[in-house]
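Student: What follows is a single structure, and I will ask about it in a moment.
What follows is calculated from the coordinates using simple rules that are stated; it is not laboratory data. Every value quoted in this text rests on a predicted model; they were computed, and no experiment measured them. Methodologically, a virtual Cβ is constructed for each residue, glycine included, from the backbone with ideal geometry; neighbour enumeration extends over all protein chains shown.
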Amino acid sequence: MSKLFSTDFAGRSISLKADYVAGQADGAILAQYGDTIVLVTAVSLKTIREGVDFLPMTVDYQEMTFAAGKIPGGFFKREGRPNEKEILTSRIIDRSLRPLFPKNYFHETQIVASVLSVDEENDSDVAAMLAASAALEISNIPFKGPIAGVRIGRVDGAFVCNPSVALQEKSDINLFLVGRKIVPGTEGRPYDVNLVMMEGGANEVGEETIVEAIGFGLEAMRPVIDLQDRMRQETGKAKRVMAIPAVDEVLAAKVAEAALPGLNEGYGMPRKLERYAKLGDVRKEVVRMLSVDDPSLKGKILEIIESLERRILREMILRDNRRIDGRSNTEIRPISSEIGLLPRVHGSALFNRGETQALVTVTLGTSHDEQRMDYIAGEEMRSFLLHYNFPPYSVGEAKPLRSPGRREIGHGGLSRRALLPVLPPKEEFPYTIRVVSEILSSNGSSSMATVCGGSLALMDAGVPVRDTVAGIAMGLLKEGDQVVILSDILGDEDHAGDMDFKVCGTEKGITSLQMDIKIDNLTGDVLRKALAQAREGRLFIIGKLRETAAQPRQDISIYAPRITTVKVRPDKVRDVIGSGGKNIRQIVAETGVEINVEDDGTVTIASSDADAAARAVAMVKWLTEDAEVGKIYKGTVKKIVDFGAFVEILPGTEGLLHISQLAKERVNKVTDILGEGDEVMVKVLEVDKQGKIRLSRKEALGADGGR
């Protein structure tokens, strides 16, 4: 029998229903938030695949098109590969859940979140995150929850929890936060809510505003955390008993004795490939020495070595105040950059920071190059694209090239959010912009290299960006009361640390950020200190970028299309297009330009040939021009009547040429002078209030010297 649990969440009712559908899953929750309904199931196998020493978990968030009353496009008429939003939401759920399983839990686990109904008021991401946590909470799968997610905006200086789509468009912040219940609480509270994960963007806001937004969001989660507690108490299953593997103290001592000298030597090598080669040799030799008599010990030996490596690195930083490459905690690796290295590319930059290197390019296109993003909540025409590629050679590996994975999509999304706030509005720069980042070498923070290189490449392309954007990856290590914050972390420091956060922005403020936190009780003071140190690093990097390019080029590349914008009255759009697109086709055929007409009367003309663009502009203006009193036009006689002729002086615009205005002398019959289809020079005498036009041939003749 199903049970329904509901509470108020950000001023709206949210409900969780258990034991209602998907009865063979370990946990299944139907979450409803307004008219948004998400089904989340959790299944974890009872057996472990041989040789698996990690958590093989997959998270799939999928938006069913029927949820919005739509039929999928394409030939097959069914849901296909995940779109960008589905991938990014899957990553958010995965990154939030993964650290909360026991370290020795190696059972294959799958979380499936299916959006079954969607409205425009209530965020399906929020419902999916909550339902994923609740499904694990009521299941027998071991999980250190509950957790919850909220989206935070700020409108007119006030924070808003889970804003609607319409309200979010007015917000200068878009943060998705995930928090976890921590017992016991502080300051007399039964529990605290600790930040687990954060991802989002902002319109150049200050660090203190971000800290306040996080505090607001964590407090807003309490009703749905309490809701999950009630649900678990009433419907939850007993958790699986996880046997804690006994520590083989004798083997651990032997491994430490054999491995520590070589590991310490390896972590004294600043260059990544040399260090990895040394560490690899140590692992191989220790395994060979200690598993001769019992090959089954190999997995345990490698596990012990991994824990030794983590301990060595943490002690270097926390106890000896020393990093692998000899830097201080706040020091940034050496930075160099250049622009304009690819002559035929519209914009290019090569950015180096330590052993991380990114080649970033910019291509300018027209509105026809915009990407159509089809989501169940609606369509988006995207004119700014950023694609991040991470080829295997960037880390010294040889693998088959594949289509972009979730990591590449995620890093591209983070970098795109970072650069978006400084781009010019479409009215000022009517181009579609594509940025591509090729990571040529990686040793930590390649996504931040993408942001830095992207900022330079945009300037090299002549895109009038408002400011320089830089990004920095930060790390944090905490032992007891000792906290160390690291600027510009290496890959090894990320692996051994307790917090990984990336912060992007301008001198004015933050534009995007991402945080993954592995420890409890991250205080607001520590978060403030981390963001302040990130700001110092970001400003230093901005200074380095400005040494290469302080401002955008004054003009775009000669190889980029030139776009001219013409504004016509909306009621004249049909005159530009013509019957069945006749006029558009004629302009393209005669000039070779690319032309696009919007319903609001915006006409964009793109061509690398300035003369062709000028001719196309003249043709558009001629098609949409209004008759001007006193101006002479070459018209075409459309119809002859007894009292005169109707002459088309502009496309779709006719005036009356009265018989009395045909010539200076008396005219008996109109046909004595004109025939249908004749071209005639006429002058506009009057345009009355009804729009009727009076024309004169004799006035035009007089203006032409009497001929």
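Student: Placing one identical point scatterer on every Cα of the stretch 249-318 and ignoring solvent, what is log10 I(q)/I(0) from the Debye formula at q = 0.24, 0.25 Å⁻¹?
Tutor: Rounded to two decimals, the profile gives -1.06, -1.12.
Student: Please list 652-665, 286-299, 353-366 highest first by mean number of surrounding beta-carbon atoms within 10 Å per residue.
Tutor: The peptides rank, most packed first, as 353-366, 652-665, 286-299.
Student: For the stretch 350-494, what is the charge dipole size about the Cα centre, in debye to the nearest 20, if Lys and Arg each add +1 at the Cβ and Asp and Glu each add -1 at the Cβ?
Tutor: 320
Student: Among Met619, Met289, Ile147, which residue has its Cα positioned farthest towards the positive end of the charge dipole of the chain, with +1 placed on the Cβ of Lys and Arg, -1 on the Cβ of Asp and Glu, and the dipole taken about the Cα centre?
Tutor: Farthest towards the positive pole: Met619.
Student: Enumerate the calculated ³J(HN,Hα) couplings along the stretch 505-514 in order (Karplus 6.51 cos²θ - 1.76 cosθ + 1.60, θ = phi - 60°), each rounded to whole Hz, writing x wherever the residue is Gly or Pro.
Tutor: Calculated HN-Hα couplings, in order: x, 9, 4, 6, x, 7, 10, 7, 7, 8 Hz.
Student: How far apart, in nm, are two points set 7 Å out from the Cα along the Cα-to-Cβ line at Ser307 and at Asn264?
Tutor: Taking the simple label geometry, Ser307 and Asn264 are separated by 2.0 nm.
Student: What net charge is computed for the residues neighbouring Ala534, neighbours being all others with C-beta under 14 Å from the C-beta of Ala534, Lys and Arg scored +1, Asp and Glu -1?
Tutor: With Lys, Arg at +1 and Asp, Glu at -1, the net is -2.
Student: With axes computed from alpha carbons, what is the tilt in degrees of helix 249-266 against the longest principal axis of the chain, rounded to the nearest 10 within 0 to 90?
Tutor: It is inclined by approximately 50 degrees.
Student: Please list, or write none, the lysines whose alpha carbon is within less than 27 Å of the alpha carbon of Lys518, excluding same-chain residues fewer than 8 places away.
Tutor: Correct list for Lys518: Lys46, Lys85, Lys103, Lys144, Lys181, Lys237, Lys239, Lys272, Lys300, Lys478, Lys502, Lys529.
Student: Round to the nearest 0.05 the FRET efficiency obtained for Tyr393 and Leu539 when R0 = 30 Å and r is the Cβ-Cβ distance. Numbers along the way, then the final one.
Tutor: On the way: r = 33 Å, r/R0 = 1.09.
Efficiency for this residue pair is about 0.35.
Student: Then there is this: Among Phe643, Gly655, Gln690, whose Cα sits farthest toward the positive end of the charge dipole of the stretch 632-703 (+1 at Cβ of Lys/Arg, -1 at Cβ of Asp/Glu, about the Cα centre)?
Tutor: Of the listed residues, the answer is Gln690.
Student: In whole percent, what relative contact order does the stretch 549-707 give with Cα contacts below 8 Å and a gap of six or more residues?
Tutor: Working: 271 pairs, mean separation 27.9, N = 159.
Once normalised by length, the contact order is 18 percent.
Student: Hey, another quick one. Can you give me the angle between helix 446-460 and the longest principal axis of the chain, using Cα atoms only, in degrees from 0 to 90, rounded to the nearest 10?
Tutor: Helix 446-460 sits at roughly 20 degrees to that axis.
Student: Hey, another quick one. Hey, what did the stretch 562-624 get for relative contact order, percent, Cα under 8 Å, at least 6 apart?
Tutor: After rounding, I find 43 percent.
Student: Which value in nm describes the separation of the simple spin-label points at Ser15 and Leu420, placed 7 Å from the Cα toward the beta carbon?
Tutor: Placing both labels 7 Å along Cα→Cβ, they lie 3.4 nm apart.
Student: Extension gain Asp320-Val250, at 0.36 nm per residue separation less the Cα-Cα distance, in nm?
Tutor: Extra length available between Asp320 and Val250 comes to 22.4 nm.
Student: Between Tyr276 and Glu208, take the C-beta separation as r, use R0 = 45 Å, and let me know the FRET efficiency to the nearest 0.05.
Tutor: The computed FRET efficiency comes out at 0.65.
Student: Hey, can you rank 126-132, 469-475, 392-398, 421-427 by average C-beta count inside 10 Å, highest first?
Tutor: The packing order, highest mean first, is 126-132, 469-475, 421-427, 392-398.
Student: Continuing with this model, one more query. Determine, for Val183, Val451, Val59, the number of other Cβ atoms within 10 Å of each Cβ, and report the residues in order from fewest to most. Display every interim value, and only then the final one.
Tutor: Values: Val183 9, Val451 33, Val59 24.
With the fewest neighbours first, Val183, Val451, Val59 line up as Val183, Val59, Val451.
Student: Then there is this: Sorted by average packing, counted as other Cβ atoms within 10 angstrom per residue and highest first, what order do 263-271, 533-541 take?
Tutor: Top to bottom by mean Cβ count within 10 Å: 533-541, 263-271.
Student: In percent, what relative contact order does the chain have, based on Cα pairs under 8 Å that are 6 or more apart in sequence? Could you put the intermediate results ahead of the total?
Tutor: Numbers: 1449 pairs, mean separation 65.2, N = 707.
The normalised contact order for the chain reaches 9 percent.
Student: Another question about this same structure. If I stretch the segment between Phe643 and Asp293 completely, what's the gain in nm (0.36 nm per residue apart, minus their alpha carbon distance), one decimal?
Tutor: Working: separation 350, 0.36 × 350 = 126.00 nm, distance 11.70 nm.
So the extension gain works out to 114.3 nm.
Student: Sticking with this one: Compute the signed sum of charges (Lys and Arg +1, Asp and Glu -1) over the other residues within less than 15 Å, Cβ to Cβ, of Phe159.
Tutor: -2
Student: Given H placed 1.01 Å from N in the peptide plane, which residues other than close sequence neighbours of Gly644 have an amide H under 5 Å from its amide H?
Tutor: Correct list: Ile659.
Student: Okay, next question. Give the distance, in whole Å, between the Cα centre of the stretch 102-136 and the Cα centre of the stretch 415-452.
Tutor: When both Cα centres are located, 30 Å separates them.
Student: Turning to a different aspect of this structure: Using amide H atoms built in the peptide plane, which far-off residues or other-chain residues are under 5 Å from Lys237 H to H?
Tutor: The list, which skips near neighbours in sequence, is Ser139.
Student: Residue by residue through the stretch 480-489, which ³J(HN,Hα) values in whole Hz follow from phi under the Karplus form 6.51 cos²θ - 1.76 cosθ + 1.60 (θ = phi - 60°), with glycine and proline marked x?
Tutor: After applying 6.51 cos²θ - 1.76 cosθ + 1.60, I find x, 8, 7, 10, 10, 10, 10, 9, 6, 6 Hz.
Student: Follow-up. Between Val183 and Gln690, what length comes free when the chain is fully extended (0.36 nm per residue of separation minus the Cα-Cα distance, one decimal in nm)?
Tutor: 174.7 nm
Student: Quick one: which residues, 5 or more positions from Gln357 or on another chain, have an amide H under 5 Å from its amide H? H modelled 1.01 Å from N in the peptide plane, none for Pro or chain starts.
Tutor: For Gln357, whose amide H was placed from the backbone, the distant partners under 5 Å are Leu440, Ser441, Ser442, Asn443.
Student: Quick check on the stretch 109-236: what are the equivalent-ellipsoid semi-axes from the Cα gyration tensor, as sqrt(5λ), descending, whole Å?
Tutor: Each semi-axis is the square root of five times an eigenvalue, giving 26, 19, 12 Å.
Student: Give, rounded to the nearest 20 debye, the magnitude of the charge dipole that the stretch 264-394 has about its Cα centre when Lys and Arg contribute +1 at Cβ and Asp and Glu contribute -1 at Cβ.
Tutor: In debye, rounded to 20, the stretch 264-394 gives about 500.
Student: Relative to a virtual label point 7 Å from the Cα of Gln482 in the Cα→beta-carbon direction, which members of the stretch 292-327 show backbone nitrogen distances below 15 Å?
Tutor: Output list for this probe position: 311-323.
Student: Applying the Karplus parametrisation 6.51 cos²θ - 1.76 cosθ + 1.60 with θ = phi - 60° to the phi angles of the stretch 177-183, what ³J(HN,Hα) value in whole Hz is obtained for each residue in order, glycine and proline being reported as x?
Tutor: 10, 10, x, 10, 6, 10, 10
Student: A follow-up question, please. Taking the Cα atoms only, what angle lies between the long axis of helix 524-548 and the longest principal axis of the chain, rounded to 10 degrees?
Tutor: The helix 524-548 is inclined about 50 degrees to the chain.
Student: List the lysines whose Cα sits under 26 Å from the Cα of Lys638, skipping any in the same chain fewer than 8 residues away.
Tutor: Straight-line reach from Lys638, under 26 Å: Lys572, Lys582, Lys621, Lys664, Lys669, Lys683, Lys689, Lys692, Lys698.
Student: A follow-up question, please. In debye, nearest 20, what is the charge dipole magnitude of the stretch 249-318 about its Cα centre with +1 on Lys and Arg Cβ and -1 on Asp and Glu Cβ, if you could check?
Tutor: The calculation lands at about 320 debye.
Student: Which net charge results when you count Lys and Arg as +1 and Asp and Glu as -1 among the other residues whose beta-carbon is under 14 Å from that of Glu285?
Tutor: +3
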